[in-house]
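Enquirer: Structure below; questions to follow.
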Amino acid sequence: MQLYKSQQIKVHNSLTGKKEAFKPINEGHIGMYVCGPTVYSNVHLGNCRTFMSFDMIFRYFKHLGFKVRYVRNITDAGHLENDADEGEDKIAKKAKLEQIEPMEVVQRYTVDFHNTLQKFNLLPPSIEPTATGHIIEQIEIIKEIIANGFAYEVNGSVYFDVITFNESKEYGKLSGRKLEDMIANTRELTAQSEKRNPQDFALWKKAEPQHIMRWPSPWGDGFPGWHLECTAMSTKYLGETFDIHGGGMDLKFPHHECEIAQSEASCGKSPVNYWLHANMLTLNGKKMSKSTGNNIYPSEIFTGENDILTKAYSPSVVRFFMMQAHYTSILDLSDTALLASEKGYFRLVEAMEHISKLPVSKASTFDVKAWQQLCYDAMNDDFNTPILISHLFDAVKNINLIKEGKATISDADLLVLQNTMTSFVHDVLGIESQAGATEDSSQTLNGVIEVLIGLRNEARANKDFATSDKIRDELIALGIQLKDGKDGTNFSLNQ
RNA sequence: GGCAUCGUGGCCGAGUGGCUAGGCACAGCUCUGCAAAAGCUUGUACAGCGGUUCGAAUCCGCUCGAUGCCUCCA
């Protein structure tokens, strides 16, 4: 039997603002779409957190035995930097700056994006479609929207008619906005616009002669509007209505709102059953921003080359840190927070290594089955990874107790414990035991340390504590910690 | 200015009408040649002010503060 049949998941649906029981359209199958990055610069850390959150969700679904089609797009069409008609295309701008082809910009930052996510141990999505690869699909949707009377053409551009749409449908239902309020609050328009109303948004933009990224269309040469690609690609690969759509909080309005409008205007159906939004990441309590310098790139964290943190942190530690917060909460990244997580991470990873060496007894002093269900309960409750981790630390404590002979575990329970820990730590949370794990270091180094441990134990036996302490202290200075236990001396590498 | 989310012990971060997650730090104890590691014990916190209630950190109102969106943004 598949695990999902015995676990009931609840998710926080942004559309209703409530936690709801999750029921996929087709039993055992899940269609999930997540808005991907615009590849015109290096991925920033906040992006990584969002994608990591959905990676964890993807992993949990897979763990439960669901067949998941996870689509995450790459936005490689430039779009415009602002709403004004003379706005500049982000990718074209970067290309001009670096004197290269726009597609070289796209290629470079797509590679950076993939590399970074791989370091964070994100699984690749099932499909990673690009906007430029789906121009035809986008044009088709525009035709439908026009045919249905929800869009109009002006001078080679096509705009979505929000006011007309709102007469029969509801614009703003996702973000809790009322069109009347929006109209009342609209700031005076900059320049004269082609749009009938400021709330309207572009489905297709006419390309000015200097605009490099352009495609032919029934309305002339141009490029697709900001929100259309997601509608086109999600519809193509997941259908007119699918299970989950995710993305960062900041996309809720207008991006996701427009997606809903586009779908309802073209095929008449609401596109998504469950909208999931991941919350922001701040740095030292403030919004990350390149202009104020309150910003850090993933690579700068890994190398330690930055002015914000006191040391380097491995991708696994950063991932663990992020998993210690719920995906819907704002999370603040700081050196002290990272430091605390790193210690906890090492404790968890070390306990994992001890599991296979644990002594077994006839009976267990720890209810492994009940504990296991608590782990599932945590994840079933809107993917509550912080609670899951608190249970994992419960297991850590028990593992250490058993190791020291202060608690016992049966053969069967040990197997359950081992499988459950591996499933949740590695498969679901995606946390790897890199950096700090002895098994990752070279055999040679292990051998050398074992020799030193032997020498130290000889010195201790001879009460030559000056020598034994010297070995211990000099090793710790190198990041090698010796741990004296009942069953001899172990060590760990804490980078 | 409008909309939204939030304000929890030294720090990070769950929870959410009564039964006090967890991590890190701190203190005491056990262990140890001394430490470290590990284990045990202790911390009674929920921005402020009102209100609802037998009972609120959890519900309501106001105030203050933070963050996000309102223009591309995860």
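The values are calculated or read from the model by the stated rules, or taken from the named source; none is laboratory data. What you are looking at is a predicted structure, and each value in this text was computed from that prediction instead of being measured. No Cβ is skipped: glycine too gets one built from the backbone with ideal geometry, and neighbour counts run over all protein chains shown. All accessible areas refer to the heavy atoms of the entire protein, side chains included, with ligands and DNA or RNA removed. Shrake-Rupley method; radii C 1.70, N 1.55, O 1.52, S 1.80 Å.
Enquirer: Could you grab me the full set of residues in region A:91-109 that are β-branched (Val, Ile, Thr) and crowded, with 19+ Cβ neighbours inside 10 Å?
Expert: Scanning region A:91-109 gives A:91, A:105, A:106.
Enquirer: May I pose another question? From A:167, A:104, A:137, A:180, which residue is assigned to a helix (DSSP H, G or I) and under 24 Å from residue A:236 (Cα atoms)?
Expert: After ruling out the rest, the residue left standing is A:137.
Enquirer: State all residues of region A:472-491 that are near RNA strand B (Cβ under 9 Å from one of its atoms) and either part of a loop (DSSP other than H, G, I, E, B) or in contact with a Lys or Arg (Cβ under 7 Å, 6 or more places away or on another chain) (or both); if no residue qualifies, say none.
Expert: A:472, A:482, A:486, A:489, A:490
Enquirer: Output the helices (runs of 4 or more DSSP H) that fall wholly within region A:281-376 and possess 2 or more residues being among the basic types (Lys, Arg) and not assigned by TED's automatic domain parsing to the domain that holds residue A:115, or say none.
Expert: Of the helices (runs of 4 or more DSSP H) lying wholly inside region A:281-376, those with at least 2 residues that are among the basic types (Lys, Arg) and not assigned by TED's automatic domain parsing to the domain that holds residue A:115 span A:335-355.
Enquirer: Still on this structure: Looking at region A:469-487, I want the residues that are surrounded by 13 or more Cβ atoms within 10 Å (Cβ to Cβ) and have a partner that is charged (D, E, K, R) and modelled with pLDDT of 85 or more with Cβ atoms under 6 Å, at least 6 apart or on another chain. Which pairs are those?
Expert: A:471/A:456; A:482/A:472
Enquirer: May I pose another question? Which of the residues belonging to region A:381-402 are under 16 Å from residue A:427 (Cβ atoms), of a type outside the set (Phe, Trp, Tyr) and more than 8 Å from RNA strand B (Cβ to nearest atom)?
Expert: As a first pass, look at region A:381-402 and keep what is under 16 Å from residue A:427 (Cβ atoms): A:383, A:385, A:388-389, A:391-392, A:395.
Next, from what is left, pick out any that are of a type outside the set (Phe, Trp, Tyr): A:385, A:388-389, A:391-392, A:395.
Once the filter is applied, which keeps residues that are under 16 Å from residue A:427 (Cβ atoms), of a type outside the set (Phe, Trp, Tyr) and more than 8 Å from RNA strand B (Cβ to nearest atom), region A:381-402 yields A:385, A:388, A:395.
Enquirer: Additional query: Report yes if residue A:126 is more than 17 Å from residue A:254 (Cβ to Cβ), polar (S, T, N, Q), open to solvent by 20 Å² or more (accessible area, probe 1.4 Å) and modelled with pLDDT of 95 or more, otherwise no.
Expert: yes
Enquirer: Same structure again: Quick check on region A:412-420. Is at least one of its residues within 14 Å of RNA strand B (Cβ to nearest atom), open to solvent by 40 Å² or more (accessible area, probe 1.4 Å) and of a type outside the set (Phe, Trp, Tyr)?
Expert: Scanning region A:412-420 turns up no residue that is within 14 Å of RNA strand B (Cβ to nearest atom), open to solvent by 40 Å² or more (accessible area, probe 1.4 Å) and of a type outside the set (Phe, Trp, Tyr).
Enquirer: With closer than 23 Å to residue A:159 by Cβ, open to solvent by 10 Å² or more (accessible area, probe 1.4 Å), of a type in the set (Asp, Glu) and outside the structural domain of residue A:389 (by TED's automatic domain parsing) as the only criterion, which of A:264, A:257 stands out?
Expert: Residue meeting the stated conditions: A:264.
Matching residues to (1) touching a helix residue (DSSP H, G or I) at 6+ places or on another chain (Cβ under 9 Å); (2) without any contact (Cβ under 8 Å) to a residue 40 or more places away in the chain:
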site: A:151; (1), (2): yes, no
site: A:159; (1), (2): no, no
site: A:163; (1), (2): yes, yes
site: A:169; (1), (2): yes, no
site: A:172; (1), (2): yes, no
site: A:181; (1), (2): no, yes
site: A:198; (1), (2): yes, yes
site: A:214; (1), (2): no, yes
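Enquirer: In region A:19-40, which residues are part of a loop (DSSP other than H, G, I, E, B) and charged (D, E, K, R)?
Expert: A:23, A:27, listed by residue number.
Enquirer: Do we find that residue A:444 is under 23 Å from residue A:325 (Cα atoms), more than 14 Å from RNA strand B (Cβ to nearest atom) and not in a strand (DSSP E or B) in this structure?
Expert: Values: under 23 Å from residue A:325 (Cα atoms): no; more than 14 Å from RNA strand B (Cβ to nearest atom): yes; not in a strand (DSSP E or B): yes.
No: the conditions fail for residue A:444.
Residue-wise test of (1) in contact with a strand residue (DSSP E or B) (Cβ under 7 Å, 6 or more places away or on another chain); (2) more than 22 Å from residue A:50 (Cα to Cα).
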{"position": "A:331", "(1), (2)": "yes, no"}
{"position": "A:344", "(1), (2)": "no, yes"}
{"position": "A:354", "(1), (2)": "no, yes"}
{"position": "A:363", "(1), (2)": "yes, yes"}
{"position": "A:373", "(1), (2)": "no, yes"}
{"position": "A:382", "(1), (2)": "yes, no"}
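Enquirer: Any idea how many residues of region A:214-260 are within 12 Å of RNA strand B (Cβ to nearest atom) and assigned to a loop (DSSP other than H, G, I, E, B)?
Expert: Qualifying residue count for the region: 3.
Enquirer: Something else: So residue A:465 fits all but one of (1) surrounded by fewer than 18 Cβ atoms within 10 Å (Cβ to Cβ); (2) more than 10 Å from RNA strand B (Cβ to nearest atom); what number is the exception?
Expert: Here residue A:465 meets the rest and fails (2).
Enquirer: Sticking with this structure for a sec: Are any residues in region A:377-409 open to solvent by 20 Å² or more (accessible area, probe 1.4 Å) and touching a residue at least 40 places away in the same chain (Cβ under 8 Å), and if so, which ones? I'd like the intermediate steps shown before the answer.
Expert: Going through region A:377-409, the residues open to solvent by 20 Å² or more (accessible area, probe 1.4 Å) turn out to be A:377, A:381, A:384, A:386-387, A:390-391, A:393-394, A:397-398, A:400-401, A:403-406, A:408.
Answer for region A:377-409, where residues must be open to solvent by 20 Å² or more (accessible area, probe 1.4 Å) and touching a residue at least 40 places away in the same chain (Cβ under 8 Å): A:381, A:384, A:386, A:393, A:400, A:403, A:404, A:405, A:408.
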